[in-house]
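The values are calculated or read from the model by the stated rules, or taken from the named source; none is laboratory data. Since the structure is predicted, the reported quantities are computational estimates derived from the model, not experimental observations. No Cβ is skipped: glycine too gets one built from the backbone with ideal geometry, and neighbour counts run over all protein chains shown. These accessible areas exclude ligands, DNA and RNA; they are computed on the full protein's heavy atoms, side chains included. Shrake-Rupley method; radii C 1.70, N 1.55, O 1.52, S 1.80 Å.
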Amino acid sequence: MVTTVAGMAAGGDAIKYLAMIGNFLPRQCGLATFTTDVYQAMQDRFPDVRVDVYAMDDHPGRYDYPAAVVGAIPQHDLSAYLTTARTIEASGAQAIWVQHEYGIYGGPAGEHLLALLDRTTLPVIVTLHTVLEKPNADERRVLEGLLRRAAKVVVMAERGRDILRRVYGANPRQIAMIPHGVPDRAFTDPETLKPRMGWEGRDVVLTFGLLAPNKGIETIIEALPTIAERHPNLLYVVLGATHPNLVAHEGEAYRERLKALAAELGVGDNVAFVDGFVEHGELIDYLQAADIYATPYLNPAQITSGTLSYAVGVGKAVISTPYVHATEILADGHGVLVDFKDVAAFAREIDRLLSSARDRTRLAQRAYDRGRTMIWPRLAEATLHETEVAVAARPRRLAKPLAGVKALQPNFAAVERMSDATGMLQHSIYSVPDRRHGYCIDDNARALMLMSAMDDLDPVERDKWTTIYASFVQYAWNPDERRFRNFMNFDRTWCEDVGSEDSNGRAIWALGVTARDGKDPKHRDWARAMFDATASLGLDLGSLRAQSFAMLGAAAMLEASPGHELARSILERFPDDQIALLAAARRPEWEWFEIVLAYDNARLPQALIVAGQALGRQDLIDCGLETLGWIVAKQTSPEGRFRAVGTESFHRPYADPLQFDQQPLEAQATVDACIAAYRATDDLRWKTEAERAYGWYLGQNDLDLPLASPLDGGCFDGLMPTGLNRNQGAESILALQLASCAISGLSKSVQGVAGTSRVVA
């Protein structure tokens, strides 16, 4: 017994606040009953511990939840899971306790739950109500995801521990076995309670649970004629409503078939069906009034049965088939086991116990003694102890002073790893390219710009890869549609005829930068020709970010070819419209072009600053600086670190950004924009902001985790609540390398050294 739980965790602080996820009454199912019982047990045993319940909801709006339920999660609404994650994260809860059962969470095998857990930083304790020995692919994937995320996994039978280790490779230290809780009731003679049920003078065998074919009720009904010959006063009580899924499929046809079977066998008067979902207290009364509890279940793999636990807890003589939970809880003479569908064995054992009050009472007393170790307070104590261990083991972050940033040396190795003779592949699994997703012009345009930015790249290698990335951009051009394609399969077939506006804008950007910064005349000449042939599409772009990308490319082209009319036309086409959008969206607390935040935000002010310089318009520079200052403030954590606008922040009207998932693209955009601001103003504030954003790659972020891999130039795909997304896709690698080139160039320009990289413009 745990006596110091909720006093001191090994790390120092007591557990005072938990978030619990699962079904909850008045939803009618066994898991709802369990979650409600365990919540009440926690409140009774540890009244100072706050427990917020988030109820899984299969019929939103149907249930009148009690005050314990602070939020309901519609089962199939993924956005509700993400909202709940944010709510829990902000609530002050110290850990999340999940009641897991297949079928109550949305997505294949309930994978929506993983989306919720992966967006919180809190330790997770998962109580598994089912552990499948032969899972399908989705079931395995979800359970393995839970094992990766959970600090502790609780099973209710030793067989569950064995399966987790043998089938799923779980860490034994991660698993705790805590028996199903049972009520703390006095041992009672059934005869004292039978009058309340109308069972006077009857020998009562009880089965309880949602009625369904897998419960094996037919086995006992078929045994009744033999038993009734010796015990004519026998009453077999089948207690429980029909399972809702079965009702939805066939109504009460199954219950009627069971009644017909009893009538056919001549034992209709020996069977009573109590159709209804009984409340907890009433269920215990039924159990205590019965002489024998029977579980003729048909599934040998069933690891948890709440009703069996309750029967043992109140001291019933139990006869059961040997499913996993029954073999463990009834071991060593605490109950009687008979084989599945063995009608004769059920008849024999029920007859034996009804014929001997002494044997029946002894067996009931042994069950009751075992039940004392399983009462709800013991479960509450054991679970809170495991929670304290998990919280105490959680690494504690120490605030680190912000230090100066030293740029990593640009490194082409990871870019080359992700590239082949066609171009740069989009995605990876960890550091290994994932060819299933092929290529896109977005990444190849960025890679083309990198070839102009890396000063120390071997000339032969630069020529080879510049040509490959340029060739991809060139082949992406669809002259019939006068647009660039974006996505290409690994077999070099295009996925569409016209790519997104953003991808078209990035292609123009890459052409302008290559025309200005390409190291070889042949590549500069090619880029100018391609720009002239394609960039007029930029005049028709409607997306703000696509417009900004095209403006950045046009500004670069105007530097490469002063007086370039098409480039000037692109630069003059959009700024006034964007300033008008800013005026329309502006609020006292909101200084932005849209009423929402999205990706690549800093590119919008960067493009205005660059356009203002190219066109000699100070109003554009001022607007760019003002909005850049606003977005930089939004991307600053309370500790002063750069905090990239997370993907879950996108498209939330007039809402402050959320913390995760942070991606490398946002840091690179901010680095480039701040460098553009510094060059336009010589204000050292912008140099500091650029370095702060770059420091995000090196570990100056919310989790103190570096995303950059200095040895090979790799970069992880994002900062999640639980750590790093350890894949290294093209976008992330290129973001780091382009940012490294930009910061290196900034340092050289500040020191007055020639050779500054100009890719940011």
Kindly evaluate Leu113 against the criterion of being assigned to a helix (DSSP H, G or I) and at pLDDT 95 or above. yes
Within the stretch 519-540, identify whether any single residue is over 39 Å from the mean Cα position of the chain (by Cα) and part of a loop (DSSP other than H, G, I, E, B), and answer yes or no. yes
2 or more residues in contact with a helix residue (DSSP H, G or I) (Cβ under 7 Å, 6 or more places away or on another chain) and more than 22 Å from Glu626 (Cα to Cα): qualifying helices (runs of 4 or more DSSP H) within the stretch 642-761: 684-698, 730-750
Complete set of residues in the stretch 649-679 that are of a type in the set (Gly, Ala, Ser) and surrounded by fewer than 22 Cβ atoms within 10 Å (Cβ to Cβ): Ala655
Exactly one condition in (1) within 17 Å of Ala690 (Cβ to Cβ); (2) open to solvent by 10 Å² or more (accessible area, probe 1.4 Å) is false for Pro638; which is it? (1)
Just to be sure, is Gln28 within 25 Å of Asp275 (Cα to Cα) and open to solvent by 60 Å² or more (accessible area, probe 1.4 Å)? yes
Can you run down the residue pairs with Cβ atoms below 6 Å, 6 or more apart or on separate chains, where the first is in the stretch 70-88 and closer than 16 Å to Val53 by Cβ and of a type in the set (S, T, N, Q) and the partner is outside any helix (DSSP H, G or I) and open to solvent by 30 Å² or more (accessible area, probe 1.4 Å)? Gln75/Asp58
Matching residues in the stretch 599-630 (of a type in the set (Val, Ile, Thr) and closer than 13 Å to Leu544 by Cβ) number 1
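Is it fair to say Val49 is touching a residue at least 60 places away in the same chain (Cβ under 8 Å), crowded, with 20+ Cβ neighbours inside 10 Å and not aromatic (Phe, Trp, Tyr)?
no
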Can you find even one residue in the stretch 645-655 that is touching a Ser or Thr at 6+ places or on another chain (Cβ under 9 Å) and over 27 Å from Met449 (Cα atoms)? yes
Restricting to the stretch 465-499, count the residues that are under 23 Å from Met551 (Cβ atoms), touching a residue at least 24 places away in the same chain (Cβ under 8 Å) and either part of a loop (DSSP other than H, G, I, E, B) or among the small types (Gly, Ala, Ser) (or both). 6
Enumeration of residues in the stretch 571-619 that are surrounded by fewer than 22 Cβ atoms within 10 Å (Cβ to Cβ) and in a strand (DSSP E or B): Arg587, Trp590
Sole miss for Gln700 among (1) open to solvent by 10 Å² or more (accessible area, probe 1.4 Å); (2) at pLDDT below 90 is condition (2)
Name the single residue that is farthest from Leu206 (Cα to Cα) among those in the stretch 329-350 being of a type in the set (Asp, Glu) and surrounded by fewer than 19 Cβ atoms within 10 Å (Cβ to Cβ). Asp332
